[in-house]
Amino acid sequence: MIGTLDAKEVVYALLATVVAAVCAMWLGLFKKVKRAVLSRKALKLYKKALRQTCLSLIVIGRRQGFSLSDVYVPLDLATSDLSSSPPKTPSDTLGLFGRLHTCVIVAGPGAGKSTVVKYHVLLQLDYGNTLPFYLRLREYSPDRSIEEHLVDQFKSHGLPEPALSVNNILSQGGSLCVLAGISVLAPNILTLYPHL
């Protein structure tokens, strides 16, 4: 049978095979490019929404709040004597967040806890190498993990494969993940620590 094939048929068969292989590769590449474009667009939307959340400060008694960038004043933060590794310069808030893996800011109402963490989320957005997360604990449901809530944030902005993205960001380390409003999550803490 091979002897009965002429050269023209062999060339056409090879050409068809090459075209099919190129099309298959192109379709795979097209999917990757499409996913990358969708991811970039979704992350841009996520960053914009996060920036909007962190830039606005709501003030009771005012119709319109303030922009954090207009009113932010750095606070002096000190580490607790319970901390295992105090930073060298307690007033250096960026150093405090940069050196500690887990940090709880404790102060009275209106002392600036939320403002400090929002400011650092904005710093991470502007100058950080990783993507920050900001989760209001009043939106948290204890029947789901924090990672699932973070995945939902990405999913709401249209990120393809949001679970994989959150896992990649968290596994890289160094990402700022703010859980705001611990007193909302555990109201009985207020009876033990009324200054939270």
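Derivation of every value follows stated rules applied to the coordinates shown; laboratory data play no part. Keep in mind it's a predicted model, so treat the numbers as computed, not measured. Here the Cβ positions follow ideal geometry from the backbone for every residue, glycine too, while neighbour counts run over all protein chains shown.
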When only DSSP loop residues count, what trypsin sites (Lys or Arg not before Pro) in region 1-62 have their Cβ near at most 15 other Cβ atoms within 10 Å?
-> R62
Once both labels are modelled 7 Å past Cα along the beta-carbon direction, what's the Q64-A111 spacing in nm?
-> 3.2 nm
Determine, from the Cβ-Cβ distance of L57 and Q172 and an R0 of 30 Å, the FRET efficiency 1/(1 + (r/R0)^6), rounded to the nearest 0.05.
-> 0.50
Is the shape of region 116-177 best called rounded, prolate or oblate, per the rule: a/c under 1.5 gives rounded, else a/b larger than b/c gives prolate, else oblate, with a ≥ b ≥ c the square roots of the Cα gyration tensor eigenvalues?
-> oblate
Too long for a 18 Å Cα-Cα cut-off, among K47/K113; K41/K118; K47/K118; K118/K155; K44/K113; K113/K155, are K47/K113; K41/K118; K118/K155; K44/K113; K113/K155
